[in-house]
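Okay, so here's the structure we're looking at.
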Amino acid sequence: MNIQHKSSLLLVLILAFAISSGATAQTEPGTFTAKKGVYLEVGGSSGFYAINYSKIFHQKGKLKLNASAGFSIWPNRNIDSKTSWLPALPLEISALYGKSNHHLELGMGFTSYLNTSFDFDSETFETINKVVFDAFIPLRVGYRYQKPEGGFFFRFGYTPIVTFPVRAGKIWSFNPYWAGLSFGKSF
C-alpha cells in the first residue's frame, strides 16, 4: 500500500468526521425546493474530473434520492496515438440522508470512457493502436453540504472503483484508494 494513498484516505476521513461533528441537529427535515444542481467533480465517480448535472427526483422525510450525469474529456497519454482526447460519461445514483444542510451520501455509478489499446501484428511485427470502450463502477460513501433552498454546495467522499471486463483479456479489479471532491450550485 502506497504511503500517498494512505495519507489521502486518512485526510478524507478526518475531514468527514470534523465536518459531521460540527453539524447541529434540527427538529424538522428540510424539504428541498432546489432540486437541480450543476457542479465540478475532481476524482470520484468521474475518474479524473467532470462537469455534472444532478437532480433530486424523490424526497421523503430525511431521505432524498439523486441522479447525476456528467461529461469529461481525458487526455490520451500515448505520444504515438492519433487521438489526443478521449471522452468519459459518469452516471450516478445516490441517496442523501440527513436534515436540512448536512447529509450522508451513499451511491453507486457507472462511468463509460474511451481508452487506447495496443495490439501486436505477428505478420508485420507492427503495433496497432486502437481506441476501445472501457467502463468502471464507482461506489460512494461521503458527506454532502447542500441547503434546501439552493445555492452553493459541496461534497466529498470515499469512492472505491470496481473495474469489470468489458472486452477479452481484461479482468475484474478493485481499487480501494480513490476519493472525490465536488463544488457547485443547486437551484
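The values are calculated or read from the model by the stated rules, or taken from the named source; none is laboratory data. Small disclaimer: the values here were computed from a predicted structure and weren't measured. Please note: Cβ atoms are built from the backbone with ideal geometry, for glycine as well, and neighbour counts cover all protein chains shown.
Look at Phe110 and say whether it is free of Cβ contacts under 8 Å to residues at least 60 places away in the same chain, among the aromatic types (Phe, Trp, Tyr), surrounded by fewer than 14 Cβ atoms within 10 Å (Cβ to Cβ) and assigned to a strand (DSSP E or B). Full working, then the answer.
Numbers: free of Cβ contacts under 8 Å to residues at least 60 places away in the same chain: yes; among the aromatic types (Phe, Trp, Tyr): yes; surrounded by fewer than 14 Cβ atoms within 10 Å (Cβ to Cβ): no; assigned to a strand (DSSP E or B): yes.
Answer is no for this residue.
Any residue at all in region 130-147 that's touching a Phe, Trp or Tyr at 6+ places or on another chain (Cβ under 9 Å) and not in a strand (DSSP E or B)? If you could, list the steps in order and put the result at the bottom.
Within region 130-147, the subset touching a Phe, Trp or Tyr at 6+ places or on another chain (Cβ under 9 Å) is 130, 133-147.
Imposing the further condition that a residue be not in a strand (DSSP E or B) reduces the set to 146-147.
So far as region 130-147 goes, yes, one or more of its residues are touching a Phe, Trp or Tyr at 6+ places or on another chain (Cβ under 9 Å) and not in a strand (DSSP E or B).
Kindly list, by first and then second residue, each pair from a residue in region 43-69 that is under 11 Å from Ile93 (Cβ atoms) and in contact (Cβ under 8 Å) with a residue 60 or more places away in the chain to a residue that is outside any strand (DSSP E or B) and of a type outside the set (Phe, Trp, Tyr), limited to pairs with Cβ atoms under 8 Å and residues at least 6 apart or on different chains.
The qualifying pairs are Ser45/Thr159.
Mind checking whether some residue in region 3-23 is at pLDDT below 85, part of a loop (DSSP other than H, G, I, E, B) and either under 20 Å from Val162 (Cα atoms) or of a type in the set (S, T, N, Q) (or both)? Don't jump to the end; show me each part of the working.
Initially, region 3-23 is screened for residues at pLDDT below 85, giving 3-23.
Retained after the next criterion (residues that are part of a loop (DSSP other than H, G, I, E, B)): 22-23.
Filter again for either under 20 Å from Val162 (Cα atoms) or of a type in the set (S, T, N, Q) (or both), leaving none.
Among the residues of region 3-23, not one is at pLDDT below 85, part of a loop (DSSP other than H, G, I, E, B) and either under 20 Å from Val162 (Cα atoms) or of a type in the set (S, T, N, Q) (or both), which makes the answer no.
Evaluate region 85-93: report whether one residue or more is in a strand (DSSP E or B), acidic (Asp, Glu), modelled with pLDDT of 85 or more and in contact with a Lys or Arg (Cβ under 9 Å, 6 or more places away or on another chain). If you could, list the steps in order and put the result at the bottom.
The initial filter retains those residues of region 85-93 that are in a strand (DSSP E or B), namely 85-93.
Now restrict to residues that are acidic (Asp, Glu): 92.
When the remaining residues are screened for being modelled with pLDDT of 85 or more, the result is 92.
Adding the requirement that they be in contact with a Lys or Arg (Cβ under 9 Å, 6 or more places away or on another chain) leaves 92.
Within region 85-93 (the criterion being in a strand (DSSP E or B), acidic (Asp, Glu), modelled with pLDDT of 85 or more and in contact with a Lys or Arg (Cβ under 9 Å, 6 or more places away or on another chain)), the answer is yes, since at least one residue qualifies.
Among the aliphatic types (A, V, I, L, M), without any contact (Cβ under 8 Å) to a residue 60 or more places away in the chain, in a strand (DSSP E or B) and surrounded by 13 or more Cβ atoms within 10 Å (Cβ to Cβ), is that true of Leu181?
Details: among the aliphatic types (A, V, I, L, M): yes; without any contact (Cβ under 8 Å) to a residue 60 or more places away in the chain: no; in a strand (DSSP E or B): yes; surrounded by 13 or more Cβ atoms within 10 Å (Cβ to Cβ): yes.
Against the criterion (among the aliphatic types (A, V, I, L, M), without any contact (Cβ under 8 Å) to a residue 60 or more places away in the chain, in a strand (DSSP E or B) and surrounded by 13 or more Cβ atoms within 10 Å (Cβ to Cβ)), Leu181 does not qualify.
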